[in-house]
Amino acid sequence: MKVLLVTGKLAQAQVRAFAGEADVLVANVDVASFITPQLLLFAAPLGYDLILIPGAITADFREAERALGTKIRLGPKHAADLGIVLHHLDKGEIELSRTVPACLLMEGKMREDALDQVERLEARASAPQQIRGVKIGGSSRMKVLAEIVDATRFCPAALTERICYYEEQGADMIDLGIPLDANPDEVQAALQTARKTTNLPLSIDTIRPELILAGLEAGADLLLSLNGSNLPLVGEAVARAGVPAVIIPGPGSIRLEENLLKAQEMGISIIADPVLDPPLQGLAVSLQRYQAFRQDHPDIPLFFGAGNVTELMDADTVGVNALLAALGAETGASILFTPEYSGKAAGSVHELALASRMMLLARERHAPPKDLGLDLLILKEKRRLPEEAMPETFMEAKEGHKYEPDNRGSFRIFLSKGLIMAQNGSITVAGRNARDILNTLIEKGLVSRLDHAGYLGRELERAEIALRLKRSYVQDEPLWSSEKR
């Protein structure tokens, strides 16, 4: 297929870089989205099977299409996506549109290709350290270290369940947070349980020397955290074991650089933590510390405590974590550290895992982290569809319907183990979405009234929304304060 790519003067270098075997026509206009059918008719040569115009164009090119005798379709909105579009076009895998940009048509395919590209970039990335085969620092992707707070207080079954959950959410490493009142035997038992559960790198998080040594003996792959108080007591053992350690400032006024120098002199493989401070408690200043450290020590991997922000801010974490990952990428972070300690932080591991991949792709493209094939848009959408026209006549809905009991009985709806449950006496129907549960109730003859079926549909949908958003659900109670019941 002979393809012509049309662009403006400002974007021509980018378009040519991704054009492959396609020809490129530069229209007499700076901004590509300002190309008009008249400009194209004036400049376009004949003999092409397909003309791709920029995806941001909204003009109607059907007349130009007829005049040229060539199909004119919208390409992607960004030149960086041209390679993917042309590849799948050549293989006959997509049918392009006059009105919908190619990148929107290909969102599913772009996600798959984006994840494949992440894997390729990671495979060829250089890194100053590897922990149990996981690359740390250099040009590798930022890794997510998921903390299990007070891990020694979990029974083995609960600890195993939590580790498996973090693995499913995309954690690259697991951290066992050790409470101050733990003893060495508990630390070793927790590490043994964790090692039986996962092959991911395991760290322990404590400053008590005897617990650090217990973790070393039990096979911890990474130690959090060493400072001026415990380095003299455990530093030589850590160096002999060859286990990397996160170095922090302190105690007191001891600077991070002083502790790093001591650790390096002992032969410890180091990761530096300049400490990310909470919002309105020095967050902006701490980011400046990260920037300054990266400039002075470009080869030392950086630890970025994202949980210090998300856990101490009453805001939905998905956008906060996306921004923190971007800040981490700009400041050279190698490890994104987070617990999911409070309910509001649920999902943080998945969010950071996806955000770290977005930042790797954006860095490769030298572009902001948008239109990558991956995103963290949950409640909002990138592009809203147009609303339907208002009918000329309609009737207003009536409030105050009086419900009558269903002779087949009532249902209690609740969430359990990641499933929606609809229970009526000894009968319980379980599923992951409202549609399947409601259809089952109707097919089994468990609902006899239309208004009861309508109520169940609404309530089951609310339960599904709560399940997907990792929120609590109580039947007949609002999901959020603004919801009208």
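Every number in this text was worked out from the coordinates using simple rules, so none of it is lab data. Just so it is clear, the structure is predicted and the values come from calculations on it, not from any experiment. A quick note on method: Cβ atoms are made from the backbone with ideal geometry, for glycine too, and the neighbour counts reach across all protein chains shown.
Here are some notes:
- Estimated inter-spin distance, Val100 and Ser426, nm [label 7 Å along Cα→Cβ]: 5.0
- Share antiparallel - DSSP beta bridges, the chain, percent rounded to 5: 25
- Residues whose amide H comes within less than 5 Å of that of Gly431, counting only those at least five positions distant or on another chain, are Ile420 (H built at 1.01 Å from N in the peptide plane).
- Report note on the peptides 187-200, 67-80: ranked by the mean count of other C-beta atoms within 10 Å, highest first, their order is 67-80, 187-200.
- Taken about its Cα centre, the chain carries a charge dipole of about 760 debye when Lys and Arg each add +1 at the Cβ and Asp and Glu each add -1 at the Cβ.
- Calculation over all alpha carbon pairs of the range 7-67 in 5 angstrom steps from 0 returns a P(r) of 4, 18, 31, 28, 16, 4 percent.
- Karplus-derived 3J(HN,Hα) values for the range 314-323, using 6.51 cos²θ - 1.76 cosθ + 1.60 with θ = phi - 60°, are 7, 8, 4, 6, 4, x, 4, 5, 4, 5 Hz; glycine and proline are entered as x.
- Of the trypsin sites (Lys or Arg not before Pro) in the range 343-389, those whose Cβ has at most 15 other Cβ within 10 Å and which sit in DSSP loop: Lys370, Lys380, Lys382, Arg383, Arg384
- Added length on full extension, which subtracts the Cα-Cα distance from 0.36 nm per residue, Lys382 to His401: 3.1 nm
- Virtual spin-label span in nm between Glu161 and Thr440, 7 Å along Cα→Cβ: 2.1
- Straight-line reach from Lys91: taking Cα to Cα under 17 Å and skipping same-chain neighbours fewer than 8 places apart, the lysines in range are Lys2, Lys109.
- DSSP assigns beta bridges within the range 107-242; of those with both partners inside it, close to 20 percent run antiparallel.
- Charge dipole of the range 1-123 (Cα centre as origin; +1 on each Lys and Arg Cβ, -1 on each Asp and Glu Cβ, all else neutral): 400 debye, rounded to the nearest 20.
- Between Asp49 and Arg449, the modelled label-to-label distance comes to 6.3 nm, taking each label 7 Å out from Cα in the direction of the beta carbon.
- Violating pairs (Cα-Cα greater than 28 angstrom) within the set Lys77/Lys470; Lys196/Lys344; Lys344/Lys402; Lys398/Lys444; Lys143/Lys370; Lys77/Lys380: Lys77/Lys470; Lys196/Lys344; Lys344/Lys402; Lys398/Lys444
- For the chain, leaving out every one of the chymotrypsin sites (Phe, Trp or Tyr not before Pro) that falls in a DSSP loop and has at most 12 other Cβ atoms within 10 Å, the longest unbroken run is 1-393.
- Here the 3J(HN,Hα) profile of the range 463-471, calculated from phi with Karplus coefficients 6.51, -1.76 and 1.60 at θ = phi - 60°, is 5, 5, 4, 4, 4, 5, 8, 6, 9 Hz, Gly and Pro shown as x.
- Compared with the alpha-carbon gap, the fully stretched path from Asp30 to Asn183 is longer by 48.3 nm at 0.36 nm per residue.
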